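Asker: The structure that follows is given in the form of structure tokens.
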Amino acid sequence: MLDLIVELGLVIGIIATAIYVAEARPISRAIGGFILFSVLIAILYLYINCPYLAGAQIAIYSGAVTGLFLLAMSITKPETPEDEAKARSWVIAGYLIAGFVIFIAFFLTMHYYMYTPGISTEIVDTVVNRANIALMDLEKILSDYLWNYRGIDVLMQGVIVIAVAAGLANFFKREKEGKVK
Amino acid sequence: MMMYADLLIWLVPVIATLLSPIVAKVSRNGAHALSVSAVGISWILALSMIFDILSGNVTYYPSNVTLGSIPFAHRIVWIDLTSLIGMKLSFGILIDPFSVFMANVVSFVALWIFIFSIGYMSEEPDIGRYWFLMNLFLSSMLLLVLSSNLLQMFIAWEMVGLCSWSLISFWYKSKAPSPDPRFSTEGEYNAHCGLKALITTSFADAFFLVAIAIVGYTTHLTMGNPTFDFIELSQNFSWLGKIIQLGIMPIFSLFLISGPFGKSAQFPYHEWLPEAMAGPTTVSALIHAATMVKAGAYFVGRFFLIIYTGATVYGLSVPDGVSTFFLAAAYVGAFTAFLAGTQGMVAKELKKILAYSTISQLGYIFAVFGIAGAVLLEEAFFAGALHILAHAVFKALLFLCAGAVLHAVHSKYVHDMGGLKKYMPVTYFTMLVGALSLSGVPPFAGFFSKDLILHAAMHFETMIPYVLLLVTAVITVFYTFRMIGLVFHGEPSEHIKKMNEHGHHIHEAPLVMRIPLIVLAVTTIIVGFFFEPAIKFIAGEHIVFEELGHDILSFVLEVFSSELILVSAIVILTGFIPAYYIYIARKADPTKIVESNIILRALYKFLVNRWYIDPLYYKIADGLRGFSARIRKLQTGYANVNIVYMIIGFILFLITLIFM
Amino acid sequence: MTALPIQVYLALSLSILAIGAYILAVKRNILRIILGIELMISGANLTFIIVSYWLGNGSVDPLIRSIVIISMGIASLVAALSIALVIMIYRKFGTRDIRKLRKLKW
């Protein structure tokens, strides 16, 4: 019964948060909603027993991406002091909730695995073994592929490097004032 | 031949191409000397190749290294993909009677046209670009006729098309008022004419390329390695059998003939040549009379030689569907000859009359090559090759004379000229020689070649080409002497009288322009008599110089004693008498004759509008342009709209993935 | 396995993707569009995990988890570069409205 409520709450919350991101008027509120969205998705990952994914989700989305968005907002729009304070408070609240959830998650998982006797680790072991074999195969396939196409690979990297260099050069070029051909 | 002549013959003009813009900036006369010497060297090298054909072995003189026997392809491997797909692309020069013959024709005519253009372009500031393009054209044309495989010939084919486009639009910056109401300046009109030529020939060449790809594919399937080499294609006809087995022979023939039709301005690609007269007259003479438009005819002849040598020398049996190619050439060629001849009767610009005449005479060559291939008649092939020679010489002569006249009168309309006989006697005399040769009057070269063509046309399965060519001969005589009469006889026109009042007197062309005219006129007179040795040369037989006089005499007697000379006389008189009456003696007014009769009026309107084919093409082009302008509005520039297109595309992709 | 049937979760990830696409197609502010992109990537990751959970009968295949982590890394990369572009656009054009950036039109 409890898990049904939790799941239903998660699903509805995710959709509602997503719609809020789409429709919120000031963009700072949309970003706050985005933090909430990624936290809810992380809780969902936790429910499915993928703690690492949950941590990565929160770290990357609520952390890095949101930081970038705040940077963009602060550079591109002069914020009024009230808006700024409100936005900051949303962000801090989001981080606090996220950190708390992660802590609880890891604690519970490790507790579960360490203190539950007789749990059959057979499924987990076979899955892990299969994953290792698959990863080794994947490694071999990947390295073969990269070795066979090393010429083209280097070429493409060279092209990317040149493109980036050209972009940077263009970025740092000074515009000539009013010179029309 | 001279040492490395087969490589130098087109390499020397390439060097002249690269140096011309630089030299032209330094010294004008230096640029002239550079180009004329380049073409002179090419001509001498082409002459030296004749000795190889006569002796039967290809040797380098003076080191006396023998490379091989005729036909010889001097191949240099260019791309070696043998390990990957078993294909080797070589760059090759073919030493073969027909290619050496064409190389000589091209370089000889080009030499005198280059000398003429020294005088014709004397006031042109952009002479570096002119010489660059002319030399590039000459080297590509020589590469085309001397190349030993189909792919290399196609590359040179496209290069001559490129030079033709650049040279037609040579005066694209001109600010004079445009003769055509669709454009605002003459420069725009010239650029449009060049683009029309380029697009028409490129459209035709697309099909040609598909046909070449089919050749490569079928040779890959049957002979193991794909090959485009002419000699290898004639040694083994299994690729033709494979094409018939795949059921694509009619498509293959039509695609293959599309390239020559486009390049040589035959129906339905004939509309670009009259417009191409917007370029300088020397360009018209070289490219659109003597050389580039012969490239199509050259390829048809080359394909005939592939089939013929395969059948006779290697004893292979010719599969049945091959004659589609030649039948198409024969019928379309004869029809185009008639089509263009009728349009030339009413043309109002001097160079346009000559342009229609070129299309018409090329129709003759295509018709006779088609007859040669359809019934495997060697005599018809010789007739076509000799008409290539004769036509190149006298058409270049006519265009150069037209250039001299245009240079003097400063107007391109034939009704603005008149009575020029007393002002420009040398030009008049040489143009008369050219006109007599074009009309087929004995003993000029045109008579012999036209006679041979008509004689060969009688051996065809139906008489349709023969009748069409005969009627066209009458029309040819008519429009030729109409041109002579309107330009040189009668009273001077209003335009000339106004020029005389303003002090610009009509003068004879300067010496540097007169000499090529005289040389070409003399060539037209003499070359007809050398047709029998020329036939022996192309056939690869041994020519004994002691018997040369005997050969010439027997040829002339044979031609004059056949019944065809009576037909020719009737044809010439039928065409000449009305033209003389109306245009030379000026005893009747042509406009009154046409206006009085309703049938003639309708016919005149039909012919002046170029059989309404040109307006049809422009309507199609305008329809396409309108359609694309409407489709263009889909590209709004809004990122949101682009994202919606992306999502729609992705959904379609998913549907395809799921349901297919 | 989850209490709700698994189709609910598949519908959830589809709706996240749909909302992300809606933001991309309709909204004007560039930052909101980038939020939409991030939303879509999250939706795609969620789809991976849900399907793997379903097919793995309650445990997620580690290979899929690795793929999803890599995908999240790429998402942050995309966000970083696009934010840099937004800053440059603001400097050059003075606007954050993509409907004003219309040079690539007919």
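Asker: Dipole magnitude of the protein assembly as shown about its Cα centre, charges +1 at Lys/Arg Cβ and -1 at Asp/Glu Cβ only, in debye to the nearest 20?
Answerer: 3620 debye
Asker: To continue, here is another question. Can you give me the distance in nm between label points at residue B:463 and residue B:199, each placed 7 Å from the Cα along the Cα-to-Cβ direction?
Answerer: The answer from the label model is 4.4 nm.
Asker: Also, I was wondering about something else. If you project the alpha carbons of the protein assembly as shown onto the principal axes, what extent comes out on each, in Å, largest first?
Answerer: 122, 70, 59
Asker: Just to be sure I understand the model, the point goes 7 Å from the Cα along the line to the Cβ. What's the resulting residue B:655 to residue C:105 distance in nm?
Answerer: Between residue B:655 and residue C:105, the label points sit 2.9 nm apart.
Asker: I'd like the FRET efficiency for residue A:47 and residue B:213, computed as 1/(1 + (r/R0)^6) with the beta carbon distance as r and R0 of 51 Å, rounded to 0.05. If you can, show how the numbers build up before the last one.
Answerer: Values: r = 61 Å, r/R0 = 1.19.
For residue A:47 and residue B:213, the calculated efficiency is 0.25.
Asker: Hey, how many Å between the Cα centroid of segment B:502-540 and the Cα centroid of segment B:630-660?
Answerer: The two parts, judged by their Cα centres, are 65 Å apart.
Asker: May I pose another question? Of B:465, A:167, B:525, which is farthest towards the positive pole of the protein assembly as shown's charge dipole, taken about the Cα centre with +1 and -1 on the beta-carbons of Lys, Arg and Asp, Glu respectively?
Answerer: In the protein assembly as shown, that residue is A:167.
Asker: Calculate the mean, over all residues of peptide B:624-636, of how many other protein chain Cβ atoms lie within 10 angstrom of the residue's Cβ.
Answerer: The per-residue average across the peptide is 1.
Asker: Sticking with this one: If the label point is 7 Å along Cα→Cβ of residue B:126, which residues in segment B:272-302 have backbone nitrogen under 12 Å from it?
Answerer: B:279-280
Asker: Name the shape class, rounded, prolate or oblate, that the alpha-carbon gyration tensor gives for chain C, where a ≥ b ≥ c are the square roots of its eigenvalues, rounded holds for a/c under 1.5, and otherwise prolate holds if a/b is larger than b/c and oblate otherwise.
Answerer: Prolate, since a/c reaches 1.5 and a/b exceeds b/c.
Asker: Within chain B, which DSSP H helices have Cα atoms that stretch 24 Å or more along the helix axis and a mean Kyte-Doolittle hydropathy of at least 0.0?
Answerer: Helices meeting the span and hydropathy rule in chain B are B:5-26, B:28-55, B:97-120, B:127-146, B:150-168, B:186-223, B:292-312, B:323-344, B:350-375, B:378-409, B:464-488, B:639-659.
Asker: Cβ neighbours within 10 Å, averaged per peptide: list A:25-36, B:555-566 in order, most packed at the top.
Answerer: Order by mean packing, descending: A:25-36, B:555-566.
Asker: How many partner chain Cβ atoms sit within 10 Å of a residue's Cβ in peptide A:61-72, on average, as a whole number?
Answerer: 6
Asker: Turning to a different aspect of this structure: Assuming R0 = 60 Å, what is the FRET efficiency of residue B:561 and residue B:629, from their Cβ-Cβ distance, to the nearest 0.05?
Answerer: Values: r = 66 Å, r/R0 = 1.10.
So, using R0 = 60 Å, E works out to roughly 0.35.
Asker: Next up: I need the shape label for segment B:297-364. Rule: rounded when a/c is under 1.5, else prolate if a/b > b/c, else oblate, with a, b, c from the alpha carbon gyration tensor.
Answerer: Details: a/c = 6.09, a/b = 2.92, b/c = 2.09.
Prolate shape, in that a/c is at least 1.5 and a/b is the bigger ratio.
Asker: Between residue B:37 and residue B:63, what FRET efficiency comes out of the Förster formula 1/(1 + (r/R0)^6) with R0 = 22 Å and r the beta carbon distance, rounded to 0.05?
Answerer: Efficiency, from the Cβ-Cβ distance: 0.35.
Asker: Sticking with this one: First check a/c for chain B, with a ≥ b ≥ c the square roots of the eigenvalues of its C-alpha gyration tensor; if it is under 1.5, answer rounded, and if not, answer prolate when a/b is larger than b/c or oblate otherwise.
Answerer: Taking the square roots of the gyration eigenvalues as a ≥ b ≥ c, chain B is rounded.
Asker: Under the definition of partner shielding as Cβ atoms of other protein chains within 10 Å of a residue Cβ, what is the mean value for peptide B:641-654?
Answerer: 2
Asker: Ok, one more. Which of the peptides B:218-224, A:147-153 is most tightly packed, and how do the rest follow, going by the mean number of other Cβ atoms within 10 Å of each residue?
Answerer: Ranking the peptides B:218-224, A:147-153 by packing returns B:218-224, A:147-153.
Asker: If you don't mind, another one. Report the paramagnetic label zone for residue B:611: residues of segment B:255-298 whose backbone N is under 12 Å from a point 7 Å from Cα along the Cα-to-Cβ axis.
Answerer: B:266-271
Asker: Then there's this: According to a simple spin-label model (label point 7 Å from Cα along Cα-to-Cβ), what is the distance in nm between residue B:574 and residue B:183?
Answerer: Reported label-point gap for residue B:183 and residue B:574 is 3.9 nm.
Asker: Using per-residue counts of other Cβ atoms within 10 Å, averaged over each peptide, order A:4-14, B:92-102 from highest down.
Answerer: By packing density, highest mean first, the sequence is B:92-102, A:4-14.
None of the figures in this text is laboratory data; all of them are computed from the coordinates on show. These numbers come from a predicted model, not from an experiment. Cβ coordinates were reconstructed from backbone atoms using ideal geometry, including for glycine residues, and neighbour counts include every protein chain displayed.
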